[in-house]
Structures are given as C-alpha cells and as structure tokens.
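Note sheet for the following structure.
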Amino acid sequence: MAITETIGSATINGLAYIGGLARLAGSSVRTIFIEPIRGKKFHFGRAVHQAMAVGVEALPIVSLISFFIGTILALNAAYELRKFGAMQVVASAVAISMTRELGPLMTAVVVIGRSGSAFAAEIGTMKVNEEIDALETMALEPVDFLVAPKFLAMLLMVPCLTVWADFMGVLGGGVFGVSAASFTWGSYISATLDALQSRDITNGLIKAAMFGLVITAVGCQEGFSTGLGSEQVGRSTTSAVVKSIFMVVVVDLIFTAIFYLTAPR
Amino acid sequence: MASIPTSKGDNPQAPTGAAISVRNLRVNYGSREILHGINFEVPAGETLVILGGSGSGKSTLLRTLVGLETPSGGEIWMRGKNFAAMSEEDRDELRKKMGMSFQGGALFGSMTVGENVALALQEHTELDESTIEIMVRLKLDQVGLSGFENYMPAQLSGGMKKRAAIARALSMDPEILFFDEPSAGLDPIIAAGIDDLILKLKKAFRITIVVVTHELASAFLIADRMILLDKGVIVANGTTKELQASSQPRVRQFLDRIPEPELTGEIDYLQMLTGDVPPIRQ
C-alpha cells in the first residue's frame, strides 16, 4: 500500500510540475504573440538584453567546448575505424554526431550552466527580496515581465548557438583529420558536406529549440518556487541545473525517437 | 472597540466616505485561518496605523489589502469597488492607483533607482521618455533623493532605499499608499526622517495612508487612527487618543510594553498565530 501511495504521489507531483512548466510556457506565448495583437505592449528590448546574455556572451565557451568535442569524436571514431582502414569515414562520423546529437546537447549543457541557473537565481532572489510582490502591486504580471523575454531569447538563441557549435565541432574534427589522418581541408569539408543531409541539421535545431524552452521553463519555475531566506536561492539554482539536465535528456530521447520513427527508410 | 461597521460580507452596497472599507475579512493559509473576520474603515486622506506583535496577522492583512493574498471571505472596498471579488484586469486597474512600500524596499536590483521609479510610468502610460525623466526627477526630489537617478539600489543606504521605494510607490500619483514597517532596521534619526516624509506626503497630497508597524513612537506620530491586531482579530480600533486612553488589557500590554511569558512549544506558537488550538498530531 505504502509503495503504491508513494508511486501515486510521485506521479501526481511529476505531472503537476510538468503542468507548471507548460503554464509558464503558455502564458509567455500569449504575452509574446497574442497580447501585442490586442494592443498590449511587449518590450522586445528586454528579450534582446536576454538574448545578448544567453547567446552572444556564451559564444566563447560554446565554441571552445564544441571544438574539443569535435576533436574527441574524431579521435574516438579514428580509434576504431583505422583498424578497418576506413579513416575517410571520420569526417562523416563527426558531422553526423555533432549535428544530430552533441551540438544541441553540449550547447544545452552550457546554456543550463550559464543561463538556466541564472534564471533561477535571478527570480529566486527577486522572490526573497519581495521584488516579485512589488511587481504585482505595480500591476505588472511577473510572467510577462520576467519569463516571456527569457523564453523568446532562448527560443532564438539556443538554435543559433547550436549552429555555431555544429560548425566548431566539425572544425575540431577537421583539425584531427588534417593533421593525423590523410585529409586536406578541402577533402575534409567535402566529405562532411557529402555525409550531411539537411534533415540532420534541422532535427538538431528542433531539439535545440525544445531544449531552450525546457531550460527556461525549469529555471523560471525553480526561481518562483524559492522559499523564504537567501539560502533557498542556492537550493533553487542547484535544483534548476539538475532538473534541466534531466528534462533535456528526456526531451532529447523523445525527439530522437520521433525522428527515428519518422525517418525515410 | 470603537466605530466599527458591522455590515455583513454579502452587502452589495459600496460604503461612502471611506477610502478603504474592510468587512468581515477572513484569510487562510491552507486550512489555518490567520485573520478571523476583520472590520475597519479608513476615511479618505487619513493615516491608519495597523499595530500588532509578531504573528498577529498584520503583515497578512496588509498583503491582502494590496492583493498579494486572496481572502477566503469578506470584502475590501476601495474606490467604490470590492477589491476582493474583482477580475485580475480590474484589480490591476485599481492597483495603478495604489502604491506600496515594502519592508526592505524591494527595489529591482538590476535597475537603477531612476529606472525603478520610471517602470510603472513606462508600462502603464503613453508618456514619452523625456516626460518620464522629468517625473522621475520630481518624485526623487519629493523624497529627498535628487541626483540619485543613476545609482544602483545596492549603492544606497537602508534609509535611502526606503526613500527610493517610496518614490517608486508615488510614481503613478496613488490615492492610497501602503507601508510595510517603514522604519524597521533603520537608526532612530533615519527612521524619524521617514516619519517626516510620510507626514509631508499626507499633508501635500492628501493621500490615504495605511502603515503596518510595531514601532510605537513612529505610530503615534504619523497616525490619525490605529487598529491593534492580536491573533488575527482587531482588539482595538480608534483614534490615537482613544487608543492611548484605552483600558483594554491587550492594548495596555502592547502600549506599556509588558513582556509575555516565553512560548514553550509548537502548539503554543501555532495557537498564538491563529487563536485556535490545533488538533494534536498522532
């Protein structure tokens, strides 16, 4: 009885949590796309400000990590492939792994660390300092004011960062290919382009956009659920990172499965 | 208890003459009732001070008056409308005519002082930026913070933060101003400055002011009327003179600062908060 109760309550809590995330996303969509049609202002300036913090400022670290991941992929692929004298396949292995999986995933991990945690900390601190209450008493809806610009920024910037990560990953693989395998830059790039289908890139970008939504929703939700006291902000931030990583992997699995099932044979 | 309206919560008639009229207000946190049927009125242009010890429900009352808590029963009449039974849109319209100064200031830490004061004007009015800039300067001038537009809240002292928060609360020219513990955490000189500012605002703009505090000296200086809350009920309601002359034991204990025996356990604490004896847990 106790086990079924525990499973039941965990399921209900899990569903309630996902419902909370969906509610945040839904109100933000209304604020960004529907309310402006009805004449209510949406400050794109705030979204641009967020986009700079989420996207542009993350470029150096995303570049570096993706470059190294590209090189690591090439090394691992070459380790097996050289046994079969199939080193020319390294370029396509790197390209497909980066665009379909590791580009979006590594970008998401960096964005969780930089922005998901920052969202939770920002909103959590505002909650503790009564700033969220202050917004409400000023007739400003906290979701419109704080969450919607973050959703818009993440929806646009995570796919952009992913495209850049894909490119840097291929570049990282290319450095190995040219220096340690028998590629020239020209042959590496043409092998990459031959291997890639537009589907690989779009699938990766769809996943990246979904990751952006999940990271924003979890970060903001954790911020809003911060309890009393400043130590709770730290707890919310940690929880935002852990839950975001988990949710991103779950979303990744779901979308990869959908892409697999809908792929032409 | 003096001059308390006894109307029932279902009376649809808006009261006249009072800026705020609270009738039979009840507020619950979960299943626990914190405010047990509160009734009072604040005439327009007067200052009401809500006194009460820790856990008396005074902060909950203030939060309910500004719409941060939803009452489980009763009515809050402001500007001829029942604030407690409004749609969110109507409530926001009314909120534009209210200002709230929070205990810690609650200034937006990521914005400058000027941006804090300008925010409501930018969001709720069609004024152009140069007009808003002039208005921000005026509001900061009114609270004695001229020239601090470009400071970040973290660069201000406690008293200056309070003043900046008051300037922000004044930005939309409110008809009603709410203060949560305006002099808490300030030294006596700075606190006296805040009291002076409240008196000045009242005199200059005839704003209706509601202040929650437990600082007695400050309360008697700024109040026209006072209510004393204890365990979620009003034990005294009247002018400052009436309260000072009251012989009600709880009022005397509060005003004469007579200590209470220490609470010994969780049950005592919960009982103090709610006035109820909670069921003993298994």
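All of the numbers you see were taken from the coordinates with simple rules; none came from a lab. As the structure is a computational prediction, the values presented were derived from the model and not from experiment. Cβ sites come from the backbone with ideal geometry, for glycine too, and all protein chains shown count toward neighbours.
Some points to look at:
- In terms of packing, defined here as the mean over residues of other Cβ atoms within 10 angstrom, the peptides B:157-167, B:27-37 line up highest first as B:157-167, B:27-37.
- Most mobile listed residue (A:A195, A:A47, A:A139) in chain A, GNM with C-alpha springs under 10 Å: A:A139
- Peptide B:22-30, shielding by other chains (average Cβ, 10 Å cutoff): 0
- When the square roots of the Cα gyration tensor eigenvalues are ordered a ≥ b ≥ c, the ratio a/c for the range B:107-173 is 1.5 or more and a/b exceeds b/c, which makes its shape prolate.
- When B:D173, B:D224 are arranged by Cβ crowding within 10 Å, least crowded first, meaning fewest neighbours, the order is B:D173, B:D224.
- Shape call, chain A: gyration tensor on alpha carbons, a/c limit 1.5: prolate
- Highest-MSF residue in chain B out of B:D230, B:D268, B:D128 [GNM, Cα springs under 10 Å]: B:D128
- Put a dot 7 Å past the Cα of B:D187, heading toward its Cβ, do the same for A:V48, and the two dots end up 4.5 nm apart.
- Our coupling estimate for the range A:175-185, obtained by passing each phi through the Karplus curve with A = 6.51, B = -1.76, C = 1.60 and θ = phi - 60°, is 4, 5, x, 6, 7, 10, 10, 8, 8, 9, 4 Hz, Gly and Pro reported as x.
- Mean separation of Cα contacts under 8 Å, 6 or more apart, over the residue count of chain B: relative contact order %: 24
- Hz values of 3J(HN,Hα) by residue in the range A:214-230 - Karplus curve (6.51, -1.76, 1.60), Gly and Pro given as x: 5, 5, 5, 4, 5, x, 5, 4, 5, x, 5, 8, 4, x, 7, x, 5
- For the residue pairs B:K96/B:K202; B:K162/B:K241; A:K150/A:K243; B:K81/B:K162; B:K97/B:K139; A:K127/B:K161, the alpha carbons lie more than 21 Å apart in B:K162/B:K241; B:K81/B:K162.
- For B:123-129, mean number of other protein chain Cβ atoms within 10 Å: 2
- Average other protein chain Cβ within 10 Å of Cβ, residues A:134-147: 6
- Working from label points 7 Å from Cα in the Cα-to-Cβ sense, the B:R91 to A:R38 distance is 1.6 nm.
- Springs between Cα atoms under 10 Å define the GNM used for chain A, and in it the highest mean-square fluctuation of A:K243, A:K150, A:K40 occurs at A:K40.
- Structural descriptor for the range B:107-173: relative contact order 46 percent, calculated from alpha carbon pairs under 8 angstrom and at least 6 residues apart.
- Of A:L102, A:L140, B:L228, the sequence from fewest to most neighbouring Cβ atoms within 10 angstrom is A:L140, A:L102, B:L228.
- Chain A: relative contact order in percent, alpha carbon pairs under 8 Å with at least 6 residues between: 30
- Cα-based shape type of the range B:129-213, given that a ≥ b ≥ c are square roots of the gyration tensor eigenvalues and the cut on a/c is 1.5: oblate
- From least to most packed, judged by other beta carbons within 10 angstrom and beginning with the fewest, A:M247, B:M86, B:M135 follow the order B:M86, B:M135, A:M247.
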